[in-house]
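J.: What follows is a single structure, and I will ask about it in a moment.
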Amino acid sequence: MNPHQTIEHTHPPTGKDRLDLLGYSQDMLEGLPDSLIDAFKGIGNPFEIAPLKAGATIVDLGSGVGVDSCIAGFKTGGRGKVYGIDSESAMLDQARAASKALWLRNVIFIQGDMENIPLPSNLADIVMSNGVGCMCLDKEVVFGEMYRILRDEGQLQLADMIAYGDVASSPTASDYPHCINEGTYRALLEEAGFTDVKITAVANSVEGPEAGLRACHVFARKKIVLSITPND
Ligand SMILES: C[S@@+](CC[C@H](N)C(=O)[O-])C[C@H]1O[C@@H](n2cnc3c(N)ncnc32)[C@H](O)[C@@H]1O
């Protein structure tokens, strides 16, 4: 990754153009209503980070109007379960209407905060989010919550904005008020207990790279290491 590279994005693409650029295939978007596609606000493609298995339990944090949650619902199938969590009721209303119209009975949307996720511990195979972490002030709490709700060997698949310099001079800085740099991001994930942390630049970035900001994909795994203390 070259964090100093700068590309002009006067008008970041929206809707279908944005999804195309980020590598969402026509198959993935099949049947999704235009209103949902037009309201997509993701900055990466969590499905590119690793495939979702049928039957898996997925949590989509900051699910917005539910594009990624609905795609995950199709991918995990009838034996799978998807929980979309968002703090805004207007987003949840749209997401619920879409999943109902698509007959996605395995997708549930719940109002809640990523800093206090309204789900039990050790539930999810994958926690994903797209363009949301950079909006949360207390990453330590958010990463701790992600760790708590994942099962052992569960995975994080995030798309997030990461800081590489003078964020304040970025034209979109106010959209991503709580970006942190890659080193801090990695350290906080590891402090939360995650291993195998991989942070890579989103190939066809729709936001940035601008002064100080870069859209990235983040992978990490929850691995519980049991330490055995020999008896005296
Ligand atoms: C940039 S939008 C991304 C939405 C969606 N992931 C997508 O790709 O279209 C950010 C979303 O995160 C939600 N959000 C922001 N802070 C949140 C928090 N602390 N807890 C839960 N949701 C949050 C907002 O309501 C909004 O729907």
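The values are calculated or read from the model by the stated rules, or taken from the named source; none is laboratory data. It should be emphasised that the depicted structure is a prediction, and the values quoted were computed from it without experimental measurement. Note that each Cβ is placed from the backbone with ideal geometry, even for glycine, and that neighbours are counted across all protein chains shown.
J.: Go through the residues of segment 177-194 one by one and say whether even a single one is in a strand (DSSP E or B) and either modelled with pLDDT of 95 or more or away from the ligand (no atom under 16 Å from the Cβ) (or both).
T.: Just the residues of segment 177-194 that are in a strand (DSSP E or B), to begin with: 181, 194.
Adding the requirement that they be either modelled with pLDDT of 95 or more or away from the ligand (no atom under 16 Å from the Cβ) (or both) leaves 181, 194.
Yes, segment 177-194 contains a residue that is in a strand (DSSP E or B) and either modelled with pLDDT of 95 or more or away from the ligand (no atom under 16 Å from the Cβ) (or both).
J.: I'm trying to understand the selection: among the residues of segment 38-88, which are among the β-branched types (Val, Ile, Thr) and touching a His at 6+ places or on another chain (Cβ under 6 Å)?
T.: In the first step, residues of segment 38-88 are kept if they are among the β-branched types (Val, Ile, Thr); the result is 43, 49, 57-59, 65, 67, 71, 76, 82, 85.
Listed by number, the list holds a single entry, Ile49.
J.: Name every residue in segment 137-165 that is of a type in the set (Val, Ile, Thr) and not in a strand (DSSP E or B), in order of residue number. Give the steps one after another, and end with the answer.
T.: Filtering segment 137-165 down to residues of a type in the set (Val, Ile, Thr) leaves 141-142, 149, 162.
Across segment 137-165, the qualifying residues are Val141, Val142, Ile149.
To keep it simple, each residue is scored yes or no on (1) crowded, with 18+ Cβ neighbours inside 10 Å; (2) at pLDDT 95 or above; (3) more than 15 Å from the chain's Cα centre (by Cα).
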site	(1), (2), (3)
Ser121	no, yes, yes
Gly131	yes, no, no
Leu150	yes, yes, no
Lys198	no, yes, no
Ile228	no, no, yes
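J.: Can you tell me which of Ile110, Ile126 is in contact with a helix residue (DSSP H, G or I) (Cβ under 9 Å, 6 or more places away or on another chain) and within 13 Å of the ligand (Cβ to nearest atom)?
T.: Values: Ile126 fails: within 13 Å of the ligand (Cβ to nearest atom).
Residue meeting the stated conditions: Ile110.
J.: If the Cβ limit is 8 Å and pairs must be 6+ apart or interchain, which residue in segment 85-105 that is over 14 Å from Lys41 (Cα atoms) and without any contact (Cβ under 8 Å) to a residue 40 or more places away in the chain pairs with which residue that is part of a helix (DSSP H, G or I) and near the ligand (Cβ under 10 Å from one of its atoms)?
T.: Taking only residues 6 or more apart or on different chains, the pairs are Ser99/Ser69.
J.: Among (1) away from the ligand (no atom under 16 Å from the Cβ); (2) in contact with a strand residue (DSSP E or B) (Cβ under 6 Å, 6 or more places away or on another chain); (3) at pLDDT 95 or above, there is one condition His217 misses while meeting the rest; what is its number?
T.: (1)
J.: Do we find a residue being within 21 Å of Val197 (Cβ to Cβ) and either at pLDDT below 95 or not small (Gly, Ala, Ser) (or both) anywhere in segment 100-115?
T.: To start, the set of residues in segment 100-115 that are within 21 Å of Val197 (Cβ to Cβ) comprises 114-115.
Checking the rest, the ones that are also either at pLDDT below 95 or not small (Gly, Ala, Ser) (or both) come to 114-115.
Scanning segment 100-115 turns up at least one residue that is within 21 Å of Val197 (Cβ to Cβ) and either at pLDDT below 95 or not small (Gly, Ala, Ser) (or both).
J.: Just the residues that are in a strand (DSSP E or B), out of contact with any Asp or Glu (no Cβ under 6 Å at 6 or more places or on another chain) and not small (Gly, Ala, Ser), please, taken from segment 91-136. Steps first, answer last, please.
T.: Start the filter on segment 91-136 by keeping residues that are in a strand (DSSP E or B), which leaves 107-111, 113, 116, 124-130.
Next, only the ones that are out of contact with any Asp or Glu (no Cβ under 6 Å at 6 or more places or on another chain) stay: 107-111, 113, 116, 124-127, 129.
Selection gives Val107, Ile108, Phe109, Ile110, Gln111, Asp113, Asn116, Asp125, Ile126, Val127.
J.: Here's another thing I want to ask about it. Looking only at segment 66-102, filter to residues that are surrounded by fewer than 20 Cβ atoms within 10 Å (Cβ to Cβ) and of a type in the set (Gly, Ala, Ser); which one of those is nearest to the ligand (Cβ to nearest atom)?
T.: Top of the filtered list is Ser87.
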